[in-house]
1. What number goes with the only condition from (1) more than 23 Å from Ile44 (Cα to Cα); (2) over 19 Å from the mean Cα position of the chain (by Cα) that Asp90 does not pass?
2. Could you give me the residue pairs with C-beta distances under 6 Å whose first residue belongs to the range 183-199 and is touching a residue at least 40 places away in the same chain (Cβ under 8 Å) and assigned to a helix (DSSP H, G or I), whose second residue is surrounded by 22 or more Cβ atoms within 10 Å (Cβ to Cβ) and β-branched (Val, Ile, Thr) wherever it lies, and which are 6+ apart or on separate chains?
3. For the range 25-81, what are the residues that are modelled with pLDDT of 95 or more, crowded, with 22+ Cβ neighbours inside 10 Å, not aromatic (Phe, Trp, Tyr) and not in a helix (DSSP H, G or I)?
4. Answer yes or no as to whether Leu225 is outside any strand (DSSP E or B), surrounded by fewer than 22 Cβ atoms within 10 Å (Cβ to Cβ) and under 21 Å from the mean Cα position of the chain (by Cα).
5. Name the single residue, out of those in the range 114-136 being within 30 Å of Leu73 (Cα to Cα) and acidic (Asp, Glu), that is surrounded by the most Cβ atoms within 10 Å (Cβ to Cβ).
6. Can you tell me which residue is nearest to Arg24 (Cα to Cα) among those in the range 278-314 that are among the β-branched types (Val, Ile, Thr) and surrounded by 20 or more Cβ atoms within 10 Å (Cβ to Cβ)?
7. Go through the range 167-182 and give me each residue that's part of a loop (DSSP other than H, G, I, E, B), surrounded by 17 or more Cβ atoms within 10 Å (Cβ to Cβ) and in contact with a Ser or Thr (Cβ under 8 Å, 6 or more places away or on another chain).
Amino acid sequence: MEIKGYTYGFDSRRGMLGTPEAQRSVDVMAEMGCNWACLAFAVIQEKFSSTRFGFDYRFTDTDREIETAIDRLKAKGLKVCLKPMVNCGDGVWRANITFPEKEFPVYDEHGRLKSYWNEWFSCYTAFICHYAEIAEYKGCEMLCIGCEMLGTEHKEELWRELISRVRKIFSGKLVYNTNHGKEENVKWFDALDYIGTSAYYPVAKAGGASADEMTAAWEKPKEGLKRVAEKFGKKIIFMEIGCRSARGCAAMPWDFVHREYPRDEDEQANFYESALRAMCGEPYFEGFFWWDWGTYLMPDERIADDTGFAIHGKKAEKLLTEWYRNII
């Protein structure tokens, strides 16, 4: 397993990534034994049906801040996967970005009939290529070209065009991040270097499951993961994976809504241990980018009450440190 990683920076907003607090957070993350970091950040598409989006000077991380964060991660000896993302301002999950197939009686600059899809992909491709330039300039080892864009994945030709353009800019490895259970729907994984997925697989039926029980539950999703890895001849990266420190969340690891669930560090730690046990020895598996490490560390006084994904100061942090420091 090559990648002992964590996702960093997703909660950042303009002005955060370049601060001493952000540096301290990177330092503590690296101390766990990480050798990779996935630097994630998002721009906002006004609605799920919008065909254009761009930089918001109030919130979006500036290029200089992103470059500073890359430098800091590399100074700690970490390889970097840059992960630009799109979120919808109307609260709709990015997986539901989709458009009618109708074409307009107008041609675009490439001589193609304009359509909602072509308009969106034109904007999205420019977005990814912009950050591909930064990734190349700063020596990032990997670029993630999309995250959980399920509603767009069937547009194979347009994704292949995007990948072709990015390859002309960025010389590192490319990955795409689909969602768990949907890996076999992406027909164009052959054009990439890795198969990426958000591995929020439910490994419990109710709260309180043991690490042994959760490990056994990984056997079913592993069948599908192995099948898609063999089909494309590519290794799999868990581009996102995690579980809140709340009882019942191993049955729905993606959950961030149910704040009424009681705090339970064991639930989170058992989920971590089960995934590590299940995947670390698999030859088709390249590694983890856990979700997610805060741009700023959580204050000590909040940790005792926190039921979120963060692991700093919790049992899962100690467990992951032991695994990461001892995995060769």
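The values are calculated or read from the model by the stated rules, or taken from the named source; none is laboratory data. Just so it is clear, the model here is predicted, and its values are computed rather than measured. Note that we place each Cβ from the backbone using ideal geometry, even for glycine, and neighbour counts take in every protein chain shown.
1. (1)
2. That search, which allows pairs on different chains as well, returns Glu183/Thr197; Phe189/Ile195.
3. Correct list: Cys34, Ala37, Cys38, Leu39, Ala40, Asp61, Leu78, Val80, Cys81.
4. Taking the combined requirement at face value, the residue does not satisfy it.
5. Initial filter on the range 114-136 (within 30 Å of Leu73 (Cα to Cα)): 123-136.
Add one more test, that the residue is acidic (Asp, Glu), and what stays is 133, 136.
Working: Glu133: 13, Glu136: 16.
Within the range 114-136, the match that is surrounded by the most Cβ atoms within 10 Å (Cβ to Cβ) is Glu136.
6. Thr295
7. His180
To keep it simple, each residue is scored yes or no on (1) closer than 22 Å to Gly151 by Cα; (2) among the basic types (Lys, Arg).
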| position | (1), (2) |
| --- | --- |
| Gly196 | yes, no |
| Asp212 | no, no |
| Lys226 | no, yes |
| Pro262 | no, no |
